[in-house]
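The values are calculated or read from the model by the stated rules, or taken from the named source; none is laboratory data. Predicted model only: the values in this text are computed from it and were never measured. Note that each Cβ is placed from the backbone with ideal geometry, even for glycine, and that neighbours are counted across all protein chains shown. Keep in mind that these areas ignore ligands, DNA and RNA; they rest on the heavy atoms of the full protein, side chains included. Shrake-Rupley method; radii C 1.70, N 1.55, O 1.52, S 1.80 Å.
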Amino acid sequence: MDLDELISALGNATFENYVGASTGFSEIAYQFSSHVLTFGFAVMLAALLYFVLTIKTVAPKYRISSVLSVVVMVSAFLLLMIQQQNWTNAMVYDLEAGRYVLGDGRDLFNNGYRYLNWLIDVPMLLFQILFVVTLTTSKFSSVRNGFWISGTLMILTGYYGQYFEVTSPGTFFFWGIVSTLFFIHILYLMRKVIKEGQVGAPPKAQQYLGLIWIIFLFSWMLYPIAYVMPYIFGITEAALNEWAVMLRHVTYTVADIASKVIYGILLTLTAQEMSKADGYDYEKMENAI
């Protein structure tokens, strides 16, 4: 089929389905994508255990941040596992072609599961830091509401736009730009929170907060790159290739691990330092028992 025929048949399906229906996926590309998706939800399960086991290492007033990390890991584990199953259900092996192709009458692959995960996780990830740092000039409720509104609208507009990545580039990029505006507002708020949180914090906590900003900036910048990945390669009949799909899976997975797991671990380390400064030292308490 040419691209027009594929659009007629698949409509607003995501780019991955167009590749599966045209060129298909080699064994390496299909299995690599499957393994990357599996690795993503497996890391979330491992991190879940970490956050459960380290809750008591921080003072009670900081523990809500660890509790939110636990909730984020449960959500990410379940929905990313469904995302991986969606991938394996959508593609079947064609013996004649020797490639994995889009199956007849089966599920289409959909990145929407990631957006459902982000809709749950993004507000909580943003709220987490507010329970660790002390705001010096900003109002807690104002920052919290800003995080929640911009985070939710960023995900919803991106979710809607991704359905048009093949059929209507104008619509796709319009909603992508709208989503990015909310994203920029989140970056502004996060930078302000970290700057205020470093004031008066213990030296190690200040260092961790600096690392959090770097990780936050790096990981969240990966999401818009993954969003436009098909256009980095070009959506034409000649460019419906598996590399765009593989790199998108990798980019989303790296972004999810960095923005959820590494970010959460750094927040835990920050809370531990803040706890010690408040006189709560879990290691000494354990040794005393």
Review point. Looking at this model, which pairs from Lys56/Lys260; Lys260/Lys284; Lys61/Lys284; Lys61/Lys260; Lys192/Lys284 are more than 26 angstrom apart at the alpha-carbon?
Key: Lys260/Lys284; Lys192/Lys284
Study note, to complete from the structure: Total charge of the residues flanking Arg248 in space, meaning their Cβ is under 11 Å from its Cβ, with Lys and Arg +1 and Asp and Glu -1, is -2
**Study point:** Taking only Cα atoms of the range 1-159, radius of gyration then Dmax in Å
**Key:** 20.3, 66
**Study point:** Summed residue charge, Cβ within 15 Å of Ser138's Cβ, Lys/Arg positive, Asp/Glu negative
**Key:** +4
Study note, to complete from the structure: A chain fully extended from Thr152 to Gln207 at 0.36 nm per residue, minus the present Cα-Cα distance, gains in nm 16.9 nm
Practice item. With a 10 Å radius around each residue's Cβ, average the other Cβ atoms per peptide and rank 170-177, 138-145, highest first. Key: 170-177, 138-145
Check your understanding: In nanometres, what is the gap between the two model label sites at His35 and Tyr93, each 7 Å from Cα along Cα-to-Cβ?
Key -> 1.5 nm
Revision key, fill the gap. For the chain, the percent of accessible surface on carbon and sulfur atoms (probe 1.4 angstrom, ligands and nucleic acids excluded) is 66 percent
Practice item. Set the Förster radius R0 to 41 Å, insert the Cβ-Cβ distance between Thr136 and Ile177 as r into 1/(1 + (r/R0)^6), and round the FRET efficiency to 0.05. Key: 0.75
Exercise for review: Give me the accessible area of Glu283, 1.4 Å probe, in Å² rounded to the nearest 10.
Suggested key: 120 Å²
Practice item. Send over a whole-number figure in Å² for the accessible area per residue of the chain, probe 1.4 Å. Key: 45 Å²
Revision key, fill the gap. Note: Tyr160 to Ala42 extended length (0.36 nm per residue) minus current alpha-carbon separation gives 39.7 nm
**Study point:** Extension gain (nm, one decimal) between Ser8 and Tyr188, 0.36 nm per residue minus Cα-Cα
**Key:** 60.6 nm
Check your understanding: What are the aspartates and glutamates whose alpha-carbon lies under 16 Å from the alpha-carbon of Lys139, with same-chain residues fewer than 8 places away excluded?
Key -> Glu196
Review point. Of Leu187, Leu102, Gly197, which is farthest along the charge dipole of the chain in the positive direction, counting Lys and Arg as +1 and Asp and Glu as -1 at C-beta?
Key: Gly197
Study note, to complete from the structure: On each of the three principal axes the extent of the alpha-carbon atoms of the chain, given in whole Å and largest first, is 69, 40, 25
Check your understanding: So, in nm, how far is label Leu217 from label Ile28 when the simple model puts each one 7 Å beyond its Cα toward the Cβ?
Key -> 3.6 nm
